[in-house]
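In what follows, a structure is listed as structure tokens, so that the remarks can point back to it.
The values are calculated or read from the model by the stated rules, or taken from the named source; none is laboratory data. It should be emphasised that the depicted structure is a prediction, and the values quoted were computed from it without experimental measurement. Counting neighbours? That spans all protein chains shown, and the Cβs are built from the backbone with ideal geometry, glycine included. Just the protein is used for accessible areas: all its heavy atoms, side chains included, with ligands, DNA and RNA removed. Shrake-Rupley method; radii C 1.70, N 1.55, O 1.52, S 1.80 Å.
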Amino acid sequence: MKENSADNDSCYVERNTEMERLAHHENGEKNIKLDDFISNTKFGCLHLRMLLTTGGAYFAVCAELVVFVFLSHPVKKEWSLDKFIFPLLPLGGGIGGIVGECTFGIISDKYGRKWPFAAAVSIVALFGIASAFAQSFLVLVVLRSCVSIGNGAVSSIVFAYLLEFLPQKNRGKCMVGVTFCGALGAVFAGGMAWWLLENYSWRHFVAACTAPAFIVCLAAFCLTEESPRFLFISGEEIGGKRVLQKMITEPLAWQGEIECSSSEKRGRISQLFSPGTRKKTINIGLIWFLQATGYWGVTIYLPEYMGSLGVDPYFNMFTVFIGELPGLCLAMIMIEPYMLGRIRCLQVFSLSTSISLLLFAFVGIDFLKAVFVIVCYFFMVPIYSILSTFTPEVYPTHIRSTAMATMYMIIEIPGLITPFVGEYLLSSNITWLYPVVWAVVFLLQSLAICGLRSETAGKALKDSDKEALTKEMAETAIN
């Protein structure tokens, strides 16, 4: 593996030297492909700003995303809700998420990434703080649904947005790094629940979880740039070159041209189901669907389930979210092309999640149950990070955000169903039924992953239909 790593590093050095040679060509006769240019830049200040801003946005989104998990008991108590009324809260959130993902994903591909991204973070911040003052359960559902519109919008944009700035050698680590920030957001929410729900009220908890969104909102407007890939495919070459100049640590005045085909047809969901991409879209969509079904199936009522076993639910959830972090660190390493790559990494983490849930179901000691549920999240959460890296790498720039939005719309569907299924499983006298059902879901996911064929680790991103078609034909010929 070390030899492969050294080969990769030497390859990047050679490509960087080539870029500089092309950039300084005195006659201006040499051109360079946009992906080659971006992949040969060094990770600099602009990359760091984009990573921190997008990572901060995902931190805020994930903090807000798990809020309702902790609201089950206090909200039911305050308004004396029937146990089948509370699921309206995650149901409304799921519907809001679909609206945000569909709307902002398409807008992002049609009109750019920066301003839809900033607007989405603003929606999360404003409606998040407003929901802390809700005076009835119905108002709470409406306001949290609006928060979910912002959450869905950010989720559909954030990974494609950051990816389009990154050099090839930094893509895997940085994309998983964004999900790592999201895991920190969940840890933050878990810590706030442990502290505030025991000592104050759920309103203090909701307000605290909204604070990160206000901080990121300012950064989204002030510290980000428009995606250079989007600017080039939309025909705005001058703006694209301006952003590329900022990406270079030592500004160069290149004489050649940047090669990138423009695309007038952008942000159409129908393009995801064209003959060349239909099978791939259905396969990836199924994997996302099973991931969301399993994750929310395990998570929504986990505090109540652990509480029924005599375990402190808030402290347990805090430790569970902490357990996600080393799993994400492992994914950062294993996702690279000289390790497992994207697809094999997905297979390992998915199957390990299923096994850990089965152990959690049948072990008889409560302490070991708490340990195995942490192990479950160690493997389960990084699957999101790997999928969020792999999916935007598969699709070309003109439908990249639309593809991510479509996948996030797909994963909202389980959120409409699993609260009711989870409530039924939780009320069952069979204690092992709750985890076993979700273990089967992850087993099915590991089988669906076997259908993936196109490894994207270490491969160039596609910016146009022509590039995508050429690559698709090459992959078909190989297979």
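Between Glu259 and Ile32, Lys33, Leu34, the built amide H atoms are under 5 Å apart, and every one of these is 5 or more places off in sequence or on another chain.
Using a cut-off of 18 Å between Cα atoms, the listed pairs Lys42/Lys246; Lys280/Lys462; Lys114/Lys246 include none that exceed that distance. Seen from Val99, the other residues with C-beta closer than 14 Å to its C-beta sum to a net charge of -1, counting Lys and Arg as +1 and Asp and Glu as -1.
Within the accessible area of region 86-239, what % is carbon and sulfur when the probe is 1.4 Å and the other protein chains stay in place? Ligands and nucleic acids excluded, carbon and sulfur give 75 percent. Per residue, the accessible area of region 162-244 comes to 34 Å², computed with a 1.4 Å probe over protein heavy atoms only. In terms of the mean number of neighbouring beta-carbon atoms within 10 Å, the peptides 170-177, 100-107 order highest first as 100-107, 170-177. One decimal place: the segment Glu257-Lys76 gains 59.0 nm when fully extended, by the rule 0.36 nm per residue minus the C-alpha distance.
Would you work out what percent of the accessible area of region 336-436, with all protein chains in place, is carbon or sulfur (probe 1.4 Å)?
Solvent-exposed carbon and sulfur of region 336-436 make up 75 percent of the total.
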